[in-house]
Amino acid sequence: MAKFEHHIFVCTNQRDAANPRGSCDPTGSGELHQAFKAGVAKRGLKGRVRANKAGCLDQCEHGPNVVIYPEAVWYGHVAPADVDEILDSHILGGRPVERLIIADECLNTEHCPHKPGK
């Protein structure tokens, strides 16, 4: 089997609604992950692109989160309505969707302005 050209990791972590960090899949339905899987299939990309469920990606304040490899592009506040744009622009067109990218200075840092109490 050939290597996948892209891996799309969709955070499906759940937290209590009262948690200040938020939750990427508060309903537990996996709707965003399913939207990516359906979009990949619809475009005939099965075998070339893999949409995976991921546990916590530790970027909760920006959730729901998606990260795409091999480019390591991190997307935040992704909704099912954004899936077609991500697949068409980023996966097929090679152009990441700028409006959804989590800024580098907010990834894996204690001092992101989006974190509660910061």
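No value in this document is a laboratory result; all are computed from the given coordinates. Remember, predicted model here, so these are calculated numbers, not experimental data. Neighbour counts are summed over all protein chains in view; Cβ atoms, including those assigned to glycine, are modelled from backbone coordinates with ideal geometry.
Tell me, what is the percent relative contact order of the range 6-106, built from C-alpha pairs under 8 Å that lie six or more residues apart? Before the final figure, lay out each step's value.
Working: 158 pairs, mean separation 30.1, N = 101.
Reported as a whole number, the value is 30 percent.
With θ taken as phi - 60° and the Karplus curve 6.51 cos²θ - 1.76 cosθ + 1.60 applied, the whole-hertz 3J(HN,Hα) list for the range 75-90 is 10, x, 6, 7, 10, x, 5, 8, 4, 4, 5, 5, 5, 6, 7, 7 Hz, x standing for glycine and proline.
Angle check, please: helix 31-42 long axis (alpha carbons) against the longest principal axis of the chain (alpha carbons), in degrees 0 to 90, nearest 10. The answer is roughly 20 degrees. Starting from the Cα of Phe4, step 7 Å toward the Cβ, then list every residue of the range 10-53 with an amide N under 13 Å from that point. Of the residues in the range 10-53, 10-11, 33-34, 36-38, 40-41, 45-53 have backbone N under 13 Å from the label point off Phe4.
Convex hull volume of the C-alpha atoms in the range 6-106, normalised per residue: 90 Å³. Annotation for the range 13-32 versus the range 64-117: alpha-carbon center distance of 17 Å.
Taken about its Cα centre, the chain carries a charge dipole of about 460 debye when Lys and Arg each add +1 at the Cβ and Asp and Glu each add -1 at the Cβ. For the chain, lysine pairs separated by 8 or more sequence positions, or belonging to different chains, with Cα-Cα distances below 18 Å total 4.
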